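The values are calculated or read from the model by the stated rules, or taken from the named source; none is laboratory data. Being a predicted model, the structure only gives us computed values, none of them experimental. A quick note on method: Cβ atoms are made from the backbone with ideal geometry, for glycine too, and the neighbour counts reach across all protein chains shown.
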Amino acid sequence: MKKFLALLLAAMMLTGMTSAALAEGSAFVSWYTFGDVYLTSVRTALDAAFDEKGIAVTDKDSNGIQQTQIDDINTALVTGTDALVINLVDSGAIGTAQNLMDTAREQDKPAVFFNRAVSTDDAEAAELFNGYEKSVFVGTNFEDAGKLEGQMIGEYVLANYDAIDLNGDGVITYVMFKGDEANQEAIARTKYAQEVADEILTAAGKPALKFYDDANANKYLVDLNGTWSNVASFEYLQTILAQYNEANGNMVEVVICNNDDMAIGAINALTQAGYNTGDEGATVIPVFGVDAVDAAKELIAAGRMTGTVLQDAVGMANAVATITSNLISGADKFEGLAENVVIVDGWFVQIPYAPYTGE
């Protein structure tokens, strides 16, 4: 028996299994990408939350490729798992989500989707999730992040108007970096961050924000890869600053980003141009993001970034782990959720946002 246990332990070590793998219940977590900064913090928290509940977890990176995610999920069902936890690659792709849901239903496996919306239409998503009792979506009220970011921007600009108006023309120019053209959160953050800021400014008798480039009808620049990346924002702003700058009297005076990673890229470009260095007396272009990742918090503390919106990675992870555990055990799927979450129509669990300025 001792020899058998020793061989078993050696096999576990070789296959990367942990003690949690001996627990009752397992979950296969399919991630849209391991490269997303915010999702990295969710993954760390989710692994810990599953471990606390005695659920063995397998994390798999789809590398932003939808077919890879589909193949990985099918493989997981063949090799064996008690639940599917899905961070959908093609956000808003209801057809893909429906196919994955049908597969889960056929195998009688719980399906917990999270973070990346399955549709741009809530009624369409509700029909999907209400059609299978062992499913749920964990995310946010996507409009709230944009509204909170817009409020933060409007109040900050109003309180610091003359200092921000580097061009001295009485109008504040801005650039907006959008993470993904079809993503619900990106659409709402782009829309409301600008609209709410304008409402605050115009109510105080100030002009609305002005997009730096009159020729851009969209009033935003999008990451063409849909990855919300700091590379996209860095390259965009580096190019912008070559033409729109203080010397030419048309400097971009506020930078608005759909997430913190894009904010970080923008700050890197500004720093390269001599702004937002953290040095005493250096000019700071206000930069705003969403997520409140650690790197953004550090930049805010250093005076190089102005504000962000907290997207609670731990709260999201705990909700996903709790619901998955409940579905595996047969308990009520919403049993034990934190008091601050909002449950909408029996399928949508919303994790609240909060502003973060380091104060």
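Within segment 23-51, the set of residues being assigned to a helix (DSSP H, G or I) and hydrophobic (A, V, I, L, M, F, W, C) comprises VAL37, LEU39, VAL42, ALA45, LEU46, ALA48, ALA49, PHE50.
Suppose the filter is in the same structural domain as THR58 (by TED's automatic domain parsing), at pLDDT 95 or above and within 23 Å of ARG43 (Cα to Cα); does ASP108 pass it? Judged against the criteria, ASP108 is not a match. Being surrounded by fewer than 18 Cβ atoms within 10 Å (Cβ to Cβ), modelled with pLDDT of 95 or more and either outside the structural domain of GLN243 (by TED's automatic domain parsing) or farther than 28 Å from VAL320 by Cα (or both) is the requirement here; does GLY170 meet it? The answer is yes for GLY170. Is segment 178-193 home to any residue that is assigned by TED's automatic domain parsing to the domain that holds CYS257 and farther than 27 Å from VAL89 by Cβ? Within segment 178-193, none of the residues are assigned by TED's automatic domain parsing to the domain that holds CYS257 and farther than 27 Å from VAL89 by Cβ. The set of residues in segment 212-235 that are surrounded by fewer than 19 Cβ atoms within 10 Å (Cβ to Cβ) and outside any loop (DSSP other than H, G, I, E, B) comprises VAL231, GLU235. Does PHE288 fit the bill of being over 18 Å from ASN230 (Cβ atoms), under 20 Å from the mean Cα position of the chain (by Cα), at pLDDT 95 or above and not small (Gly, Ala, Ser)? No: the conditions fail for PHE288.
For segment 326-336, the set of residues classified as touching a helix residue (DSSP H, G or I) at 6+ places or on another chain (Cβ under 8 Å) and either charged (D, E, K, R) or crowded, with 20+ Cβ neighbours inside 10 Å (or both) consists of ASP332, LYS333, GLU335, listed by residue number. One residue stands out in segment 198-207 among those that are surrounded by fewer than 17 Cβ atoms within 10 Å (Cβ to Cβ) and outside any helix (DSSP H, G or I): the one that is farthest from the chain's Cα centre (by Cα), namely GLY205.
Taking the numbered list (1) in a strand (DSSP E or B); (2) surrounded by fewer than 19 Cβ atoms within 10 Å (Cβ to Cβ) in turn, ILE256 passes all entries but (2). Starting from residues that are in contact (Cβ under 8 Å) with a residue 24 or more places away in the chain and part of a helix (DSSP H, G or I), keep the ones in segment 236-251 and report whichever is surrounded by the most Cβ atoms within 10 Å (Cβ to Cβ). Only one residue fits best here, namely LEU237. Number of residues in segment 77-89 that are at negative phi and surrounded by fewer than 21 Cβ atoms within 10 Å (Cβ to Cβ) equals 4.
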